[in-house]
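K.L.:
My questions all concern the structure below.
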Amino acid sequence: WPQEGPSLLWIGSGLGEGYSAVSIVGDVIYTMGNRDGGEFIVALNRNTGKVVWKVRNGNEYHDGTGNGPRGTPTVVDGRVYALGGNGDLTCCGADSGDVLWHRNILSDFQGSNITWGISESVLVDGDKVICTPGGNKATVVALNAISGNEEWVSRVPESPQASYASPVISQIGNTKQYVVFTSKGVVGIQADNGKPLWGQNKSSNGTANCATPLVIKSHIYSSSDYGTGAELIQINNRRRKINSRIVYHNKNMKNHHGGMVYIDGHIYGSSSDILTCVNLKSGKPTWRQRSMKGAVVYADGKIVFRHQEGPVVLLEASPEAFKQLGRFDQPERSSRPAWAHPVIAGERLYLRDQDKLLAYDLQGS
């Protein structure tokens, strides 16, 4: 990057309060925010940053750490699925914003909100929407993507609440499963019927599990902070029986928030406030860089790191050493932490900062 960073194309506004990142399909950007007295799903023009449409999802979510929704909309086959901080889930048309169905997953499945608000970005898998009410009726639920009706419910032992991570797909042998980081640990849920298959809790803490697990072939890597650390889980599928075992558990990666990426045998992410590269096989760090707590995204052999205080850093995705290739500070920073993950699409970098969205040109950098 040049000294001043990549070229700023535009700054859009009207997103409202919140920490949602953005999803991009075609010429439209989708996000969420508190505005106009409610929690809204907002669509913006990709080339100008102007609001195209907005639709109310539910009541505003308020919290002392910052108001607004936390999850990011999921866009599939012309539909937008958006889960808000109070558990409101809306499916609407991607072109128009017309509401197709709406329900509240907490009230519908006897769940209660978690300390800092529902933060999950729902998983849409074929004809199913997978989300985590964490209630007495269902820990994890599959809803019909077209109607919103219940397909199956999954009751995980000990009835954990939702946490702050999102579900992901794992295909091991002939068994497709959803991997979910709940308030009490990582669980595997059979995709076709919701049957709990396995669970491990070494990487879980009692406060907040925020990092979405990484699925790496037959292994699951998960991590949390508050002194807990990371675990590598191996999933075995033999003789039609699925079981899990812990390969290792250590404190070399304590990811508070901001997530992790897996590249060529190595994990990159913030361990508390230390940006760290960890060898997956051994679980040992290959390098550390202090005073770097934030979110990571990978593209084109490089990692873009967004510090929670605002600075954006470009570094080489190398396990050998921390190699900075550029750094800049975004203009018009809000007073809130920069918790929304950076997004790269179509050779552009997008940074959500509360009411504003900034678009940068990476091609000309």
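The values are calculated or read from the model by the stated rules, or taken from the named source; none is laboratory data. Keep in mind that this is a model prediction, so the values were computed, not measured. Counting neighbours? That spans all protein chains shown, and the Cβs are built from the backbone with ideal geometry, glycine included. The area values use the complete protein model at the heavy-atom level, side chains included, leaving out ligands, DNA and RNA. Shrake-Rupley method; radii C 1.70, N 1.55, O 1.52, S 1.80 Å.
K.L.:
What net charge is computed for the residues neighbouring Thr276, neighbours being all others with C-beta under 13 Å from the C-beta of Thr276, Lys and Arg scored +1, Asp and Glu -1?
P.N.:
Residues near Thr276 contribute +4 overall.
K.L.:
Let me ask you something else. Glu4 versus Asp264, label points 7 Å from Cα toward the beta carbon: distance in nm?
P.N.:
3.3 nm
K.L.:
While we're looking at this one, here's another question. Give the ranking of His102, His307 by solvent-accessible surface, highest area first, calculated with a 1.4 Å probe.
P.N.:
Per-residue accessible area, sorted high to low, gives His102, His307.
K.L.:
Turning to a different aspect of this structure: Return the carbon/sulfur percentage of the accessible area of the chain, one whole number, probe 1.4 Å, all protein chains in place.
P.N.:
Summing carbon and sulfur atoms, their accessible area is 43 percent of the total for the chain.
K.L.:
Hey, which lysines would be in cross-link range of Lys137, C-alpha to C-alpha under 28 Å, not counting anything within fewer than 8 residues on its own chain?
P.N.:
Of all the lysines, those that pass the test against Lys137 - Cα under 28 Å, at least 8 places apart if same chain - are Lys128, Lys176, Lys184, Lys195, Lys202, Lys241.
K.L.:
Sticking with this one: Quick check for you: with a 1.4 Å probe and neighbouring chains kept, what is the accessible area per residue of the chain, in Å²?
P.N.:
Spelled out: the 1.4 Å probe surface of the chain, per residue, equals 40 Å².
K.L.:
I'd like the trypsin sites (Lys or Arg not before Pro) in the range 69-146 restricted to DSSP loop residues with at most 15 other Cβ atoms within 10 Å, sorted by number.
P.N.:
Lys137
K.L.:
Near His341, within a Cβ-to-Cβ distance under 13 Å, what is the net charge of the other residues, with Lys and Arg +1 and Asp and Glu -1?
P.N.:
+2
K.L.:
Let me ask something else about it. For Gly66, what is the net charge nearby, where nearby means another residue's Cβ is under 10 Å from its Cβ and Lys, Arg count +1, Asp, Glu -1?
P.N.:
With Lys, Arg at +1 and Asp, Glu at -1, the net is 0.
K.L.:
Suppose every Lys and Arg Cβ carries +1 and every Asp and Glu Cβ carries -1, with no other charges. What dipole size does the range 105-216 come out with about its Cα centre, to the nearest 20 debye?
P.N.:
Dipole about the Cα centre, nearest 20: 320 debye.
K.L.:
For Ala299, which sequence-distant residues (separation of 5 or more, or a different chain) have an amide H within less than 5 Å of its own amide H, given hydrogens modelled in the peptide plane?
P.N.:
Distant-sequence amide H within range of Ala299: Val304.
K.L.:
Answer rounded, prolate or oblate for the chain, using the Cα gyration tensor with square roots of eigenvalues a ≥ b ≥ c: rounded when a/c is under 1.5, else prolate when a/b is larger than b/c, else oblate.
P.N.:
Oblate shape, in that a/c is at least 1.5 and b/c is the bigger or equal ratio.
K.L.:
Put Phe181, Phe322 in order of accessible area, largest first, 1.4 Å probe: what do you get?
P.N.:
Phe322, Phe181
K.L.:
Mind giving me the FRET efficiency for Ile146 and Lys50? R0 is 35 Å, r the Cβ-Cβ distance, nearest 0.05 is fine.
P.N.:
Efficiency, rounded to the nearest 0.05: 0.70.
K.L.:
Then there's this: Residue by residue through the range 56-70, which ³J(HN,Hα) values in whole Hz follow from phi under the Karplus form 6.51 cos²θ - 1.76 cosθ + 1.60 (θ = phi - 60°), with glycine and proline marked x?
P.N.:
Each residue of the range 56-70 in turn: 5, 9, x, 6, 4, 9, 10, 7, x, 7, x, 7, x, x, 10 Hz.
K.L.:
Among the aspartates and glutamates, select those whose C-alpha is under 19 Å from the C-alpha of Lys50, and discard any that sit fewer than 8 residues away in the same chain.
P.N.:
The qualifying aspartates and glutamates are Glu17, Asp27, Asp36, Glu39, Asp95, Asp98, Glu332, Asp353, Asp355, Asp361.
K.L.:
What is the set of long-range amide H partners of Asn59 at a cut-off below 5 Å, with H atoms built 1.01 Å from backbone N?
P.N.:
Those qualifying (amide H under 5 Å, at least 5 residues apart or on another chain) are Glu39.
K.L.:
Further, regarding this structure: Evaluate E = 1/(1 + (r/R0)^6) for Asp63 and Arg238, where r is the Cβ-Cβ distance and R0 equals 45 Å; express this FRET efficiency to the nearest 0.05.
P.N.:
Taking R0 as 45 Å, the efficiency between Asp63 and Arg238 is 0.50.
K.L.:
Apply the Karplus curve 6.51 cos²θ - 1.76 cosθ + 1.60, θ = phi - 60°, to the phi angles in the range 165-181 and return the couplings in whole Hz, x for Gly and Pro.
P.N.:
Residue by residue, the range 165-181 yields 9, 10, x, 9, 9, 10, 10, 10, x, 8, 10, 8, 9, 9, 9, 10, 9 Hz.
K.L.:
Straight-line reach only, C-alpha to C-alpha below 14 angstrom: list the aspartates and glutamates that Lys302 could link to, leaving out same-chain residues fewer than 8 apart.
P.N.:
Reachable aspartates and glutamates: Asp264, Glu316, Glu320, Glu347.
K.L.:
What is the distance in Å between the Cα centroid of the range 152-173 and that of the range 291-365?
P.N.:
30 Å
K.L.:
Moving to a separate point now. Looking at the chain, which longest stretch skips every one of the GluC sites (Glu not before Pro) that is in a DSSP loop with at most 16 other Cβ atoms within 10 Å, leaving the sites themselves out?
P.N.:
In short, 5-157.
K.L.:
Rounded, prolate or oblate: which fits the range 69-191, taking a ≥ b ≥ c as square roots of the Cα gyration tensor eigenvalues, rounded meaning a/c under 1.5, else prolate when a/b beats b/c?
P.N.:
The shape class here is oblate.
K.L.:
Amide H neighbours of Val156 under 5 Å, counting only residues 5+ apart in sequence or on other chains, H built in-plane at 1.01 Å?
P.N.:
Close amide H contacts, sequence-distant or interchain: Thr139, Val140.
K.L.:
How large is ³J(HN,Hα), in whole Hz, for each residue of the range 223-234 in order, when computed from phi with the Karplus curve 6.51 cos²θ - 1.76 cosθ + 1.60 and θ = phi - 60°, using x for Gly and Pro?
P.N.:
Here the 3J(HN,Hα) series is 7, 8, 9, 6, x, 8, x, 10, 9, 10, 10, 9 Hz.
K.L.:
Another question, then. Quickly work out the Ile216-to-Thr286 label distance, labels modelled 7 Å from Cα along the C-beta direction, and quote it in nm with one decimal.
P.N.:
1.1 nm
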